[in-house]
Amino acid sequence: MAYIVFDMEWNQPMCAAQPLKGKNGVKLSGEIMQIGAIKLDDGGEIVGDFSLCVKPHFYKRLNKRVRELTGITKEELAEADIFPAVFAQFDAFCGDAPTLLTWGFDDVPILRQNLIAWGLGTEICENSYNLQTIFNTQTDGGKSQRSLAYALEYYGIVPKLEAHDALHDAYHTALVAKHLDLAGGIAAYGGGSSGALWEHPLLTDSFYPYPHKRAAFADKALVEIPCPTCGAKLSTSKWVTKGGNFYIALAECPEHGELIGRIKFSHVSDTTLSCVRNVFKGSKFAKEHYDEVFAKSENRKERFKARMKEQRRAKKEKKEV
């Protein structure tokens, strides 16, 4: 068995006609344009690496923000192979029954989405784990999503390569992985970390465009969570912010059980937002996590109201003087 630490960079939609649909009707929230990976043996030692760009097929224009972030040029992409050919090489590099390791929960859903869009099998995605979760469990026990930069600093690792290159990020992630008990972490995976909630989405949809979040949350198609099994529109709890561009909500299908939804907003341009909504299987821990996030959100609102009230009071007193 091999551990495959991998990272990807992907292009994003640019106009209102997107996201485009692939072969099986999947809406691509991002088209993979670079895959980087490091192979580790059972002891966590590096035994191989992989890095290839992918020729655009669905999104042929390179999003300006993506280009600035990654430094990848349209010329590099034009010379690359299309996704099925690149994936075949990646699959061969991974070998039989690989264990995929990522830093964060975005890469595997994007990989699955691209595989479905091209009509390819998604079996490689099933044995995958978020190293953020294992890192949290084996270090400070935190439930927040620690950045890769935080983990590198935690172990005193000085980054030698630039970030936002798929191979570079995979290499730095592999350096962190060498400090972790991978076998133990995988065996205990999901034991109380919120990161494990966001693995293996049952349903992924993209929504676009919105001028601001208020307009997005007015869109019933976005905010009403559907059952991934029967398609029924479900009564959905209030969407609450986890901080930044992430929001979560709960729903329950009378026939197929509890669900938890997660929305991630992204800026397509300075004036336009897109978002990806994933739906995951619910659980007791999912409900506890939602309640915790909801309480924090309400506390932030109360503190904000108190600050505004104090400012008005001070302003009134100043006028009276």
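The values are calculated or read from the model by the stated rules, or taken from the named source; none is laboratory data. Values in this document were obtained by computation on a predicted structure and should not be read as measured data. Counting neighbours? That spans all protein chains shown, and the Cβs are built from the backbone with ideal geometry, glycine included.
Some values worked out for this structure:
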| item | result |
| --- | --- |
| Criterion: in contact with a His (Cβ under 8 Å, 6 or more places away or on another chain) and of a type in the set (S, T, Y) - qualifying residue of T229, T236 | T229 |
| All positions within the range 68-83 that are surrounded by fewer than 16 Cβ atoms within 10 Å (Cβ to Cβ) and either charged (D, E, K, R) or under 20 Å from the mean Cα position of the chain (by Cα) (or both) | E68, L69, K74, E75, E76, E79, D81 |
| A221 under 26 Å from T272 (Cα atoms) and either in contact with a Phe, Trp or Tyr (Cβ under 6 Å, 6 or more places away or on another chain) or of a type in the set (D, E) (or both) | no |
| Test for I134: is it touching a Gly at 6+ places or on another chain (Cβ under 7 Å), assigned to a helix (DSSP H, G or I), in contact (Cβ under 8 Å) with a residue 60 or more places away in the chain and not polar (S, T, N, Q) | no |
| Looking only at the range 271-321, and only at residues there that are of a type in the set (V, I, T) and at pLDDT below 90, the one that is surrounded by the fewest Cβ atoms within 10 Å (Cβ to Cβ) | V321 |
| The listed residue being part of a strand (DSSP E or B) and more than 20 Å from the chain's Cα centre (by Cα), out of E302, E252 | E252 |
| Within the range 84-113, considering residues that are part of a loop (DSSP other than H, G, I, E, B) and over 16 Å from the mean Cα position of the chain (by Cα), the one surrounded by the fewest Cβ atoms within 10 Å (Cβ to Cβ) | D96 |
| Some residue of the range 114-132 being at pLDDT below 90, outside the structural domain of F280 (by TED's automatic domain parsing), closer than 28 Å to V176 by Cβ and loosely packed, with under 13 Cβ neighbours inside 10 Å | yes |
